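Data first, discussion second: the structure below is written as structure tokens.
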Amino acid sequence: MNVTATPSRNLLLAALPEAELEHFVRHLELVPMPLGKVLYESDSHQAHVYFPADCIVSLLYLMEDGHSAEIAAVGREGVVGVQLFMGGETMPNRAVVRSAGSAYRLASRVLKDEFRLGASLQRLLLRYTQALFTQTALTAVCNALHTVDQQLCRALLVSLDRVSTNQLNMTQEMLASMLGVRREGVTEAAGKMQAAGLIKYSRGRISVVSRAGLEARCCECYALGRKEMVRLVPAPMTLARAA
């Protein structure tokens with residue numbers, strides 16, 4: 001695959017000036033991202049960062065009893081591995097592909113070298129990281145204060161922003177794991193949305209029929225998170241909505 005010809009598949013890379021991208025584009029490797037692939041485990045050291053092209057990566061916490069909950073989702077608007085350039089090196093969460101596709105893999109040492117130059121890449125990554133922190137905080141608030149129905153709407157809308165189709169491949173088990181709730185709660189919420197004509201659900205595939213309907217049904221958490229992403233990284237998110 002010719003990564004030099006298509007860096008804009010990741011919207012952070014697309015926002016970089018061409019001259020800066022040329023500094024490290026030869027180090028990018030387009031790799032497959034199959035469903036369920038674990039990119040890193042809790043407290044593990046990473047050799048690479050990943051710029052998703054058309055996949056979605058779930059950042060989640062796994063408890064000792066086996067339960068888990070998603071704290072953020074990363075798609076083509078961002079990068080997986082912010083801890084590497086923030087100086088922490090490791091994170092207490094894991095990263096798992098929850099929507100298959102591909103991503104650009106970059107050696108961590110190359111990213112660190114480019115980040116230290118202090119040019120556009122550094123500014124983009126820092127602004128994106130602030131938006132990611134906002135998404136994490138809003139996810140925690142939403143999971144604590146809002147209904148499963150509202151949480152599911154937010155999760156679907158966040159996913160739609162990161163793909164170029166209205167089709168989402170998500171099982172009810174996956175959704176329950178993301179939201180940190182029982183599968184029965186997801187089944188009930190999805191059933192209500194389907195009855196309202198907002199989605200169609202069949203065998204792990206969700207077709208969004210009315211995005212506007214989901215937005216109207218959702219709590220304010222989704223809109224606040226998106227507003228912050230647009231404010232901090234305007235070019236990528238504008239492209240994401242238009243695709």
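The values are calculated or read from the model by the stated rules, or taken from the named source; none is laboratory data. Keep in mind it's a predicted model, so treat the numbers as computed, not measured. So basically every Cβ, Gly included, is an ideal-geometry build from the backbone, and we count neighbours across all protein chains shown.
Of the set (1) buried (at least 21 other Cβ atoms within 10 Å of the Cβ); (2) in the same structural domain as GLU220 (by TED's automatic domain parsing); (3) not β-branched (Val, Ile, Thr), all apply to LEU106 but (2).
Could you check region 37-53 and list, in sequence order, the residues that are at pLDDT 90 or above and touching a Lys or Arg at 6+ places or on another chain (Cβ under 9 Å)?
Taking region 37-53 as the starting set, the residues that turn out to be at pLDDT 90 or above are 37-40, 48-53.
Correct list: VAL38, LEU39, TYR40, HIS48, VAL49, TYR50, PHE51, PRO52, ALA53.
If you go through region 208-222 and keep only what is surrounded by 14 or more Cβ atoms within 10 Å (Cβ to Cβ) and not charged (D, E, K, R), you end up with VAL208, VAL209, SER210, GLY213, LEU214, CYS218, CYS219, CYS221, TYR222. Within region 184-197, the residues that satisfy the criterion of being aliphatic (A, V, I, L, M) and more than 16 Å from ASN169 (Cα to Cα) are ALA189, MET193, ALA195, ALA196. Of the numbered criteria (1) within 25 Å of VAL230 (Cβ to Cβ); (2) in contact with a strand residue (DSSP E or B) (Cβ under 6 Å, 6 or more places away or on another chain); (3) surrounded by fewer than 22 Cβ atoms within 10 Å (Cβ to Cβ), the one VAL80 fails is (3).
Among the residues here, GLU64 does not qualify as among the acidic types (Asp, Glu), in a helix (DSSP H, G or I) and modelled with pLDDT under 90. Could you tell me whether region 19-30 includes any residue that is over 20 Å from ALA155 (Cα atoms), modelled with pLDDT of 90 or more and part of a loop (DSSP other than H, G, I, E, B)? Among the residues of region 19-30, at least one is over 20 Å from ALA155 (Cα atoms), modelled with pLDDT of 90 or more and part of a loop (DSSP other than H, G, I, E, B), which makes the answer yes. Just one residue in the set LEU124, LEU175, LEU132 is assigned to a helix (DSSP H, G or I), without any contact (Cβ under 8 Å) to a residue 60 or more places away in the chain and not assigned by TED's automatic domain parsing to the domain that holds HIS23; that residue is LEU175.
Conditions (1) touching a helix residue (DSSP H, G or I) at 6+ places or on another chain (Cβ under 7 Å); (2) over 22 Å from ARG211 (Cβ atoms); (3) among the polar types (S, T, N, Q), marked per residue:
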site	(1), (2), (3)
GLU77	yes, no, no
PHE85	yes, yes, no
ASN93	no, yes, yes
LYS112	yes, yes, no
GLY118	no, yes, no
VAL148	yes, no, no
GLN151	yes, no, yes
LEU157	yes, no, no
ASP161	yes, no, no
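Being among the β-branched types (Val, Ile, Thr) and either under 18 Å from GLU77 (Cα atoms) or surrounded by 20 or more Cβ atoms within 10 Å (Cβ to Cβ) (or both) is not true of VAL38.
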